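Peer 1: Mind having a look at this structure? Questions to follow.
Quick note: the coordinates plus some simple rules give every number you see, no bench work behind them. All values reported here derive from a predicted model rather than from experimental measurement. Positions of Cβ are generated from backbone atoms using ideal geometry, with glycine treated the same way; all protein chains shown enter the neighbour counts.
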Amino acid sequence: MKYTEDHEWLRAEGDEIVVGITRHASEQLGDVVFIELPEEGREVEAGEEIVVIESVKAASDITAPISGTITAVNSALADAPGGVNDDALAAWFFRIKPADGVSLDGFMDEAAYNELIG
């Protein structure tokens, strides 16, 4: 797994990347009450806001960590957003097929992410 400074986790599965938020992020948000996911087939650019997540504490946007095409979304999260709080690593948001030439090499490994969050 790889991690972003925005507290997203990335896991390569075949030619796709599965994306979710870290346990640290879910703890900071508190109880998640609403998640708006992107549409399948949507082409996105790295840094583009594509998920809206609302909790009892705050609302925030999740950005695409890489450029590519959204191939699947976890519609179960839209129906039961609290799944993010139950198990952040199992509660993926979307799958993305990276644009040509995109890799995960520039993202943090677990040790670097743990250092970031202290």
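Peer 1: Give me the dipole magnitude in Debye, nearest 20, for the chain about the Cα centre, with unit charges on the beta carbon: positive for Lys and Arg, negative for Asp and Glu. Walk me through the numbers on the way to the answer.
Peer 2: On the way: 7 positive and 25 negative charges, 36 e Å.
For the chain, the charge dipole is close to 180 debye.
Peer 1: Further question on the same structure: Could you tell me what a quarter of the Cα convex hull surface of the chain works out to, in nm² with one decimal place? Intermediate values should be presented prior to the final figure.
Peer 2: Details: hull surface 26.7 nm².
Across all orientations, the chain yields a mean hull projection of 6.7 nm².
Peer 1: What residues have an amide H closer than 5 Å to that of residue 50, excluding those fewer than 5 places away on the same chain, when H is modeled at 1.01 Å from N in the peptide plane?
Peer 2: 62, 63, 64
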